[in-house]
Amino acid sequence: KKVRKAAGRNEKEEAKRLDALKPQYTLHHLVRERYPRFIDAVSDLDDALALTYLFAALPSEGRIQTKITRKAQQLTAAWS
């Protein structure tokens, strides 16, 4: 919010300084908490692969964009 306010007042240096002070968030601790062992992560991999194969098989019409189905097809080709 402060960065946008400074940028709106044409205080570009102040906006850059505030943007540089913004904290960096990581998700490593959440992943380690959810999957404490490698086997736990591998066991959940089948759900993600099933969804990828589903999107690769769907037609590109309506709410599903062509870009998404093509990316899913590329991913499934890599796993096959």
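Read the figures in this text as sums done on the coordinates, not as results from a lab. These numbers come from a predicted model, not from an experiment. Quick reminder, even Gly has a Cβ in these numbers, built from the backbone with ideal geometry, and neighbours come from all protein chains shown.
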Inset, instruction - Could you point to the residue in 68, 49, 78 farthest towards the positive end of the range 39-80's charge dipole, with +1 and -1 charges on the Cβ of Lys/Arg and Asp/Glu respectively? - result: 68
Legend entry - Charge dipole magnitude, Cβ of K and R +1, D and E -1 - the chain, Cα centre, debye nearest 20: 700
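Per residue, what volume in Å³ does the convex hull of the Cα atoms of the chain enclose?
184
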Inset, instruction - Quote to one decimal, in nm, the extra length available between residue 9 and residue 53 on full extension: 0.36 nm per residue of separation minus the C-alpha distance between them. - result: 10.9 nm
Legend entry - Computed [θ] at 222 nm, helices only, for the chain once each DSSP H run of length n ≥ 4 contributes -39500 (n - 2.57): -22000 deg cm²/dmol
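Sequence gap at least 6, Cα distance under 8 Å: using those rules, report the relative contact order of the chain to the nearest whole percent. Numbers along the way, then the final one.
Numbers: 38 pairs, mean separation 14.4, N = 80.
After rounding, I find 18 percent.
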Legend entry - FRET E, pair residue 44, residue 16, Förster distance 30 Å, beta-carbon r, rounded to 0.05: 0.15
Legend entry - Loop-resident sites, the range 14-74, for trypsin sites (Lys or Arg not before Pro), counting at most 11 other Cβ within 10 Å (DSSP): 37, 63
